[in-house]
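The values are calculated or read from the model by the stated rules, or taken from the named source; none is laboratory data. Bear in mind that the values here come from a model prediction, so they are computed numbers and not experimental data. So basically every Cβ, Gly included, is an ideal-geometry build from the backbone, and we count neighbours across all protein chains shown. Calculation scope for accessible area: heavy atoms of the full protein, side chains included, ligands and nucleic acids excluded. Shrake-Rupley method; radii C 1.70, N 1.55, O 1.52, S 1.80 Å.
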Number of protein chains: 2
Amino acid sequence: MVLSEVNQPPAEGDAATSKKAAKKAAKAAEKQQKKAEHKVSAPESGILEIDISEGKYGNIKMIQSTGEHRDRVYTDVKDLGVHLDRKFVWVRARLQTSRAKGKQCFAVLRQNSSTIQLIVSVNEELYISKQMVKFTGNIPKESIVDVRAVVVATASPVQACSLGEVELSAREVWLVSPARAQLPLLVEDAARPETDDPEGLKIRVNQDTRLDNRVLDLRTPANQAIFRIEAGVCRLFRDHLTRRGFVEIHTPKIISAASEGGANVFTVSYFKSSAYLAQSPQLYKQMAIAADFDKVFTVGAVFRAEDSNTHRHLTEFVGLDLEMSFKQHYHEVLDTIGQTLTDIFRGLQEEFENEIATVAQQYPVAPFKFLEPPLRLEFPRAIQMLKEAGVTVGEEDDLSTPDEKLLGRLVKAKYETDFFILDKYPLAVRPFYTMPDPNNPKASNSYDMFMRGEEILSGAQRIHDPDFLTERAKHHGIDISKIAAYIESFRLGCPPHAGGGIGMERVVMLFLGLDNIRKTSMFPRDPKRVTP
Amino acid sequence: MVLSEVNQPPAEGDAATSKKAAKKAAKAAEKQQKKAEHKVSAPESGILEIDISEGKYGNIKMIQSTGEHRDRVYTDVKDLGVHLDRKFVWVRARLQTSRAKGKQCFAVLRQNSSTIQLIVSVNEELYISKQMVKFTGNIPKESIVDVRAVVVATASPVQACSLGEVELSAREVWLVSPARAQLPLLVEDAARPETDDPEGLKIRVNQDTRLDNRVLDLRTPANQAIFRIEAGVCRLFRDHLTRRGFVEIHTPKIISAASEGGANVFTVSYFKSSAYLAQSPQLYKQMAIAADFDKVFTVGAVFRAEDSNTHRHLTEFVGLDLEMSFKQHYHEVLDTIGQTLTDIFRGLQEEFENEIATVAQQYPVAPFKFLEPPLRLEFPRAIQMLKEAGVTVGEEDDLSTPDEKLLGRLVKAKYETDFFILDKYPLAVRPFYTMPDPNNPKASNSYDMFMRGEEILSGAQRIHDPDFLTERAKHHGIDISKIAAYIESFRLGCPPHAGGGIGMERVVMLFLGLDNIRKTSMFPRDPKRVTP
């Protein structure tokens, strides 16, 4: 760690280090200081001692939009670099750590995922007092500070910071928003790589502590990256479909009847009556198709009142749903969905290279592999592959979660892809509205899609013929009176159509190879958690 | 209405009108016919009469993805035109109307907002029988048909259709999906211009009939346009903010405590406990700011358990919410929001010119006017304008809905804008977390935005200082223990920030000058309606 030259002439146009200007600033700041609320103990000073740094550090008054300092230009930490060598900058960032030792204070400033070293050194010429150094050393971790500093190229890179080529030599240090002194977790600990424990310290922040203190946990570089990637997934999904003529729709979350029979729905008290939370936008997507919107997608909350406490279930998640009319064959839709996903994967790898690398620093995992066009297998082929691997699955049975995981590994070994489509599920394991296969009475025109051996999408051609839909519902033992409105919506003329629903959090989890869906839901909801 | 030449040689490569091919096709179709389910009565035929059109019309079997006809190329109705004169096309569309009269049947085909005339004429040379004409005339309105036809340029434009320069001369007519014979409303009636009633017929489809039969109602050209424009609003909102470095987030709808005191929230039974539906994503947006995401937006369902049955209230609507940290003044945020809205307005006018015109055909209204940058007024100025117009509003009172409407008219008259920002609301009428104005104890750093005199956004600088927030909550008589978690989230260091929430349905309603928010919610929810 090298402190480079700090006592050099300021950049042109910045006169703040001249004695006259400094005195003026000190006077103005003194006035401001008196008004300010002191949240961090003011530096101790001997009764007769004059603090030459007065007006150059301290607590600022709560920013209330007075108009003061509106012309001050701030530089983002990520934009600092050797091109700014010897220039003055204002930076607003978090003080990740600070440690005063004698006449110097070494601190790390963090903004999003970028960190840089800040040094405050006692220097009479520059009006930097030991009180100012001590003040900086006492600022609680995670507080937000405004720092005026000279950018200084380092002789050798600072290893601990993401920006190692430069550091900041402080001229002013102002506390904008203090964090409390005792934090429930340290961002540094929460950010530790899962593999990095050379001293066997076993410093791990457990998941509930993270989620209970999500605001702190979200500040880790990995989390900053994960949720930017998640935003990317949604954007790529929508952009891809919009380009293909899909129309975005919004479907109601409050519904009058449970969409699929009534199990696993949350009940809402609705004025003097009650209603339910939608488990899926499916009925509404289908109505939009029957209403001539042809190709629709919707991104929104989906609710499942399942008491499943697993690594991949949430009670509320974000569904990326789409539905599309087709002319002759549901593979027109299947191909569109498959391409949508490979477009998302490619888009992420192209646009979020840095974020993916940042996540991999904390959670090392093999990069996601996929084929274009994606691999499509038929169900009997999957059964056969599993059989060859020693697992027997009945031809009319669904796959168990372990079967799916194994199949994912077998497919990866054989085809080198982490993504594939499994088509032609047995009719017996799919909902009543699934179109049967015209050529095989035991099969259906339905499909799941998998990433790293876990299901991320389920979909099918839906029955658009009301009489046949009634027949199938009866076959499933469903009370026709309860789905009368659903069936009725197909008596107004409806084109053949198919669609599917993608779990957003699962796509992000599995693309990044993370082990728990709570890592990809900003404020996850499960049977035991509805806070924060 | 002119039927142009139909008995001309087919386009190159299409041999279907040659006698040999026709016989072959008839034979194949006969076979198919026998398998098909007959949903529309087969045409009557004399015992000894041979139907020369056999295999060229009828009900097709439910499309089940057999692979048949996968190579058939369909042309969209909107893409038909004189450039295709004398060419054969396949079209899949709705039969909006059909009327057989003697040896001819005149029909209108509709696809989305485009309509074209279809003519079926008895013609022995072309193997078009009177049975085929009659069959077409008997197809229920709104059914979906596959038509093979010759595109024919019309001598004079067909007035009743959006595509008047060409019509279709049928060679085959197949019923893909029948609508039932008695429809609860006619799309033609639902699409009538509000002003168009020259014969004083007063044919109006009332709102509840429309909403009860939303699938049919949504097929009107105006509704096809409205929901495409709505998708545009969301896309423009997100694209504009993404370009400015905002990150999309998803906030939970199920929350453990009512965000603003507990009034007007829906209760959800949550396993063995209960929870609430979020009235706003505000707390979560603010947590994302405290978690270093700097600038965030979210698009999602917002729930209000208000028993308001007005033209502008829904119990569930789509919120376009954003929150942004700023350096010194909340106007940094205010300006961003204002520009986001003008970007949306401009984007709509540039990209949705046709859709806007289509809506205006049914609901005539003056085009939306706005200024760039948008007009910003301070609250006292609004009070003064109202006073000059004879309305007295106390300087610490909120504006009533009629006051807002009047103010909108006054602003429009004076500044020629349908959009403006009203800044500096009285502190007394805003929520406890609103930052007071530093210069005027009765004012606050808060704002509403208006379109055509109705509020579409409410926002403010939020108090980011936990102690001051506590003080303000106490001042409002709020039980501090119930908002402890909210206050606590600001003890981890939080930058100054401001934001706002836009009601998507209101923006679309007011941009288009519509009179009811149920026109811009695809499946609206109000205290009396949770279906369909």
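Which residues, taken from the range A:68-96, are more than 18 Å from A:Val152 (Cβ to Cβ) and either open to solvent by 50 Å² or more (accessible area, probe 1.4 Å) or modelled with pLDDT under 95 (or both)? Selection gives A:Glu68, A:His69, A:Arg70, A:Asp71, A:Arg72, A:Val73.
For the range A:245-337, please list each of the strands (runs of 3 or more DSSP E) lying entirely inside it that holds at least 1 residues being touching a helix residue (DSSP H, G or I) at 6+ places or on another chain (Cβ under 7 Å) and at the interface with chain B (Cβ under 7 Å from one of its Cβ atoms). Before the answer, list the steps.
Details: elements: A:267-270, A:273-277, A:295-303, A:316-325.
It comes to A:316-325.
For the range B:482-532, a residue qualifies if it is among the β-branched types (Val, Ile, Thr) and in a helix (DSSP H, G or I), and the qualifying residues are B:Ile483, B:Ile487, B:Val507, B:Val508, B:Ile517.
Identify the residue in the range A:487-517 that is charged (D, E, K, R) and open to solvent by 20 Å² or more (accessible area, probe 1.4 Å) and, among all such residues, is modelled with the lowest pLDDT.
Taking the range A:487-517 and keeping what is charged (D, E, K, R), we get A:488, A:491, A:505-506, A:515.
Checking the rest, the ones that are also open to solvent by 20 Å² or more (accessible area, probe 1.4 Å) come to A:488, A:491, A:506, A:515.
Details: A:Glu488: 91, A:Arg491: 97, A:Arg506: 98, A:Asp515: 96.
Filtering first and then ranking leaves A:Glu488.
The sole residue among B:Phe237, B:Phe227 that is at the interface with chain A (Cβ under 7 Å from one of its Cβ atoms) and either outside any loop (DSSP other than H, G, I, E, B) or over 12 Å from the mean Cα position of the chain (by Cα) (or both) is B:Phe227.
In the set A:Glu188, A:Glu199, A:Glu194, which member is modelled with pLDDT under 95 and over 26 Å from A:Lys101 (Cβ atoms)?
Just a single option satisfies the conditions, and that option is A:Glu194.
Count of the range B:488-518 residues, restricted to those that are within 12 Å of chain A (Cβ to nearest Cβ) and either among the aliphatic types (A, V, I, L, M) or free of Cβ contacts under 8 Å to residues at least 40 places away in the same chain (or both), is 6. Here the range B:352-386 is the region considered, the condition is being open to solvent by 50 Å² or more (accessible area, probe 1.4 Å) and under 14 Å from B:Arg409 (Cα atoms), and the residue that is modelled with the lowest pLDDT is B:Ala366.
Out of the residues in the range A:415-441 that are open to solvent by 20 Å² or more (accessible area, probe 1.4 Å), over 20 Å from A:Asp465 (Cβ atoms) and assigned to a loop (DSSP other than H, G, I, E, B), state the one that is nearest to the other protein chains (Cβ to nearest Cβ). Per the criteria, the residue is A:Lys424. If we scan the range B:348-366, do we find a residue that is under 29 Å from A:Ala278 (Cβ atoms), over 19 Å from the mean Cα position of the chain (by Cα) and not acidic (Asp, Glu)? The answer is no, given that none of the residues of the range B:348-366 is under 29 Å from A:Ala278 (Cβ atoms), over 19 Å from the mean Cα position of the chain (by Cα) and not acidic (Asp, Glu).
I'd like the full set of residues that are closer than 29 Å to B:Leu422 by Cβ and over 38 Å from the mean Cα position of the chain (by Cα), limited to the range B:471-486.
Restricting attention to the range B:471-486, the residues satisfying the condition of being closer than 29 Å to B:Leu422 by Cβ are B:471-478, B:483, B:486.
B:Glu471, B:Arg472, B:Ala473, B:Lys474, B:His475, B:His476, B:Gly477, B:Ile478 - these are the residues of the range B:471-486 that are closer than 29 Å to B:Leu422 by Cβ and over 38 Å from the mean Cα position of the chain (by Cα).
I'm checking my understanding of the structure. Among residues of the range B:98-118 that are farther than 25 Å from B:Gln224 by Cβ and among the hydrophobic types (A, V, I, L, M, F, W, C), which one is surrounded by the fewest Cβ atoms within 10 Å (Cβ to Cβ)? Only one residue fits best here, namely B:Ala100.
Quick check: is even one residue across the range B:73-86 over 29 Å from the mean Cα position of the chain (by Cα) and within 11 Å of another protein chain (Cβ to nearest Cβ)? Show your work before the answer.
Of the residues in the range B:73-86, the ones over 29 Å from the mean Cα position of the chain (by Cα) are B:73, B:82-86.
From what's left, within 11 Å of another protein chain (Cβ to nearest Cβ): B:73.
There is at least one residue in the range B:73-86 that is over 29 Å from the mean Cα position of the chain (by Cα) and within 11 Å of another protein chain (Cβ to nearest Cβ).
Considering every residue within the range B:443-458, establish whether at least one is modelled with pLDDT of 95 or more, assigned to a helix (DSSP H, G or I) and open to solvent by 10 Å² or more (accessible area, probe 1.4 Å).
No, that holds for no residue.
Any residue in the range B:246-256 that is of a type in the set (A, V, I, L, M, F, W, C), open to solvent by 20 Å² or more (accessible area, probe 1.4 Å) and either in contact (Cβ under 8 Å) with a residue 12 or more places away in the chain or closer than 24 Å to A:Val265 by Cβ (or both)? So that I can check it myself, show each step before the final result.
First, pick out the residues of the range B:246-256 that are of a type in the set (A, V, I, L, M, F, W, C): B:246-247, B:249, B:254-255.
Imposing the further condition that a residue be open to solvent by 20 Å² or more (accessible area, probe 1.4 Å) reduces the set to none.
No; the residues of the range B:246-256 include none that is of a type in the set (A, V, I, L, M, F, W, C), open to solvent by 20 Å² or more (accessible area, probe 1.4 Å) and either in contact (Cβ under 8 Å) with a residue 12 or more places away in the chain or closer than 24 Å to A:Val265 by Cβ (or both).
The set of residues from the range B:480-511 being touching a Gly at 6+ places or on another chain (Cβ under 9 Å) and of a type outside the set (A, V, I, L, M, F, W, C) comprises B:Lys482, B:Gly499, B:Gly500, B:Gly501, B:Gly503. Kindly establish whether B:Tyr284 is within 22 Å of A:Arg525 (Cβ to Cβ), among the aromatic types (Phe, Trp, Tyr) and surrounded by fewer than 22 Cβ atoms within 10 Å (Cβ to Cβ). For B:Tyr284, the condition - within 22 Å of A:Arg525 (Cβ to Cβ), among the aromatic types (Phe, Trp, Tyr) and surrounded by fewer than 22 Cβ atoms within 10 Å (Cβ to Cβ) - is not met.
Of everything listed in (1) crowded, with 16+ Cβ neighbours inside 10 Å; (2) not in a loop (DSSP other than H, G, I, E, B), the single unmet condition for A:Val391 is (2).
When residues in the range A:394-414 are screened for being open to solvent by less than 30 Å² (accessible area, probe 1.4 Å) and β-branched (Val, Ile, Thr), 1 of them pass. Taking the criterion of being within 21 Å of B:Gln131 (Cα to Cα), part of a loop (DSSP other than H, G, I, E, B) and of a type outside the set (S, T, N, Q), the residues of the range B:52-97 that qualify are B:Ile52, B:Glu54, B:Gly55, B:Lys56, B:Ile60, B:Lys61. Just one of the listed residues (B:Ser65, B:Ser45) is open to solvent by 30 Å² or more (accessible area, probe 1.4 Å), of a type in the set (Ser, Thr, Tyr) and either at pLDDT 95 or above or more than 29 Å from B:Val166 (Cβ to Cβ) (or both), and it is B:Ser45. Check A:Ser308, A:Ser400 and return the single one that is polar (S, T, N, Q), within 29 Å of the chain's Cα centre (by Cα) and modelled with pLDDT under 95. Step by step, each of A:Ser308, A:Ser400 is checked, and only A:Ser308 is polar (S, T, N, Q), within 29 Å of the chain's Cα centre (by Cα) and modelled with pLDDT under 95.
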